[in-house]
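Worksheet: the structure to be examined is printed underneath.
The values are calculated or read from the model by the stated rules, or taken from the named source; none is laboratory data. Because the structure is predicted, anything quoted here is derived from the model rather than measured. FYI the Cβ positions are ideal-geometry reconstructions off the backbone, even for glycines, and counts take in every protein chain you see. These accessible areas exclude ligands, DNA and RNA; they are computed on the full protein's heavy atoms, side chains included. Shrake-Rupley method; radii C 1.70, N 1.55, O 1.52, S 1.80 Å.
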Amino acid sequence: MATTTLFSDLDTVRFAGPDSDDPLAYRYYDADRMVLGRRLRDHLRFAVAYWHSLAMNGSDPFGAPTLHRPWMRNPDPMQGARDKADAAFDLFRVLDVPFYTFHDRDIAPDGDDLNTALRNFREMVDYLGLKMQGSSTKLLWGTANLFSHPRFMAGAATNPDPDVFAFSAATVKHCMDATLALGGDNYVLWGGREGYETLLNTDLTREIDQLGRFLSLVVEYKHRIGFGGQILIEPKPKEPTAHQYDFDTATVYGFLRRYGLENEVKLNLEANHALLAGHSFEHEIATAASLGILGSLDLNRGDPLLGWDTDQFPNSLQDTAMALYHVIKAGGLGLGGCNFDAKIRRQSIDPADLVHAHVGGIDHCARAFLIAAHMVEDGRLEQALKDRYAGWDTDAARDMLSGGQTLESIAARAEEQNLSPQPRSGGQERLENLVGRFF
Ligand code: XLS
Ligand code: CA
Ligand code: CA
């Protein structure tokens, strides 16, 4: 029996082409269109984030909730959670979105103790399993919220209290079980409280070791239960902590190497987190790709006027196209996808605002992807890069890198040839102009 939800009146959004004026049609996201040998839907693997779209109530540090969804008012929190799931899957139907993502706390009410919380969670995982049987939307990733409850205020894995470490381990174990049971492709760990406010009360060496041990336990468990998906760490430099250990791609790579996990764990990179770390999104993507740890993307944008994590829907075509250009160059996202870790603004109180936000975000990314694919097919950017490094194609040059030469032998040859290298233009403006022609 079809349940009535906030979205029941809305038809599934369809592709209508770039000339369409319908605000609830896809103008660029033609899901089955073949681009670079694959369907657009398989390249982009869009996901709706349960927390922003179903659980977020519009409150901010200065103000009360503005979004009063019916499931938030239910005096029986488990019934509220089921109503929320009904609305979620109806939203997925409207958007025709292939994936969704959740934290344990988004789908099920918490409990005062571990076993109550786990009971609520397992019951709701079963309910989501039933919903998924009647839906084409799959799970991109699951994760545990180890940051909202006060028990996590001094960290989860990095907490000074070993009971919080154990509580967190139990929570993650059950979230991984749920992700496996629901057929999820990835399991994400974002350490929102794994950092510190002040070194005055923080033993940094001990805390990073705790984090390394926790992640090793997760990886061991993944193999024990036969989870074939990816384990992903999501870097973020700060907020809510002043300093988060998983600062950015390069920092996480060093951490993974230290604990021997660099071949086991990849990254879930978020656009706004890159900016907070003082990087561009494309820098984070290109760095992860070059280190072999590009996993999945959280799409959103920050506000250049605000220094915090505003999680807005992406709308800068050039930023998104360049990010996706590096994704294509890296060979795509594999089991990862494009998760809208983005929320509507506090004043966007109509349920339809949520649909407009996603339709716009999906269409924006599809358009950016088509532009990026065109840049790849055109090949001139790649050729310019090859030309710039062409000097390295000689045997003598390669020998310096391959170990066939020592510092003395390199010096001897340089002196013998009395080298006098001449500067060559980097051609940045010419390349920027070339990029501009694809938009
Ligand atoms: C918060 C993070 C979080 C993760 C999942 O800033 O983006 O939402 O994606 O825990
Ligand atoms: Ca995120
Ligand atoms: Ca964020």
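With a probe of 1.4 Å, find how much accessible area the range 1-104 has per residue, and write the answer as a whole number in Å².
With all protein chains present, the range 1-104 gives 48 Å² per residue.
Please compute the contact order of the chain in relative form: average sequence separation of alpha-carbon pairs under 8 Å and at least six residues apart, divided by the residue count, as a percent.
Averaging sequence separation for qualifying contacts and normalising by length gives 15 percent for the chain.
Tell me the per residue accessible area of the range 228-267 using a 1.4 Å probe; a whole number in Å² is fine.
Result: 38 Å² of accessible area for each residue.
Rounded to the nearest 0.05, what FRET efficiency do Glu197 and Arg224 have when you use their Cβ-Cβ distance and R0 = 51 Å?
0.90
Hey, got the dipole for the chain? About the Cα centre, +1 on K and R Cβ, -1 on D and E Cβ, debye to the nearest 20?
Around 520 debye, computed over the chain.
Let me check something: with ligands and nucleic acids excluded, how do Trp190, Trp141 order by accessible area (1.4 Å probe), largest to smallest?
Trp190, Trp141
Taking the Cα of Ser216, stepping 7 Å toward and past its beta carbon, and measuring to each backbone N in the range 255-269: which are under 17 Å?
255-265, by backbone N distance to the label point.
Please report, ordered by residue number, every helix of the chain (full DSSP H runs) that is 30 Å or longer along its axis going by C-alpha atoms and whose mean Kyte-Doolittle hydropathy reaches -0.5.
Flagged H segments are 204-225, 351-378.
Separation of the range 10-34 and the range 196-235 by C-alpha centroid, Å?
41 Å
Given a Förster distance of 41 Å, report the FRET efficiency between Leu431 and Asp163 from their Cβ-Cβ distance, rounded to the nearest 0.05.
Taking R0 as 41 Å, the efficiency between Leu431 and Asp163 is 0.15.
Solvent-accessible area per residue for the range 157-219 at a 1.4 Å probe radius, Å²?
Ligands and nucleic acids excluded, the figure is 42 Å² per residue.
Rounded to the nearest percent, how much of the accessible area of the chain (1.4 Å probe, protein heavy atoms only) is carbon and sulfur?
Accessible surface attributable to carbon and sulfur in the chain totals 52 percent.
Output the peptides 394-400, 175-181 sorted from most to least packed, where packing is the average of other Cβ atoms within 10 Å over each peptide's residues.
Taking the mean over residues of other Cβ atoms within 10 Å, the ranking is 175-181, 394-400.
Taking a ≥ b ≥ c as the square roots of the eigenvalues of the Cα gyration tensor of the chain, is the shape rounded (a/c under 1.5), prolate (a/b larger than b/c) or oblate?
Since a/c reaches 1.5 but b/c is at least a/b, the shape of the chain is classed as oblate.
Order 162-173, 6-17, 422-433, 85-96 from most to least packed using the mean count of other Cβ atoms within 10 Å.
85-96, 162-173, 6-17, 422-433
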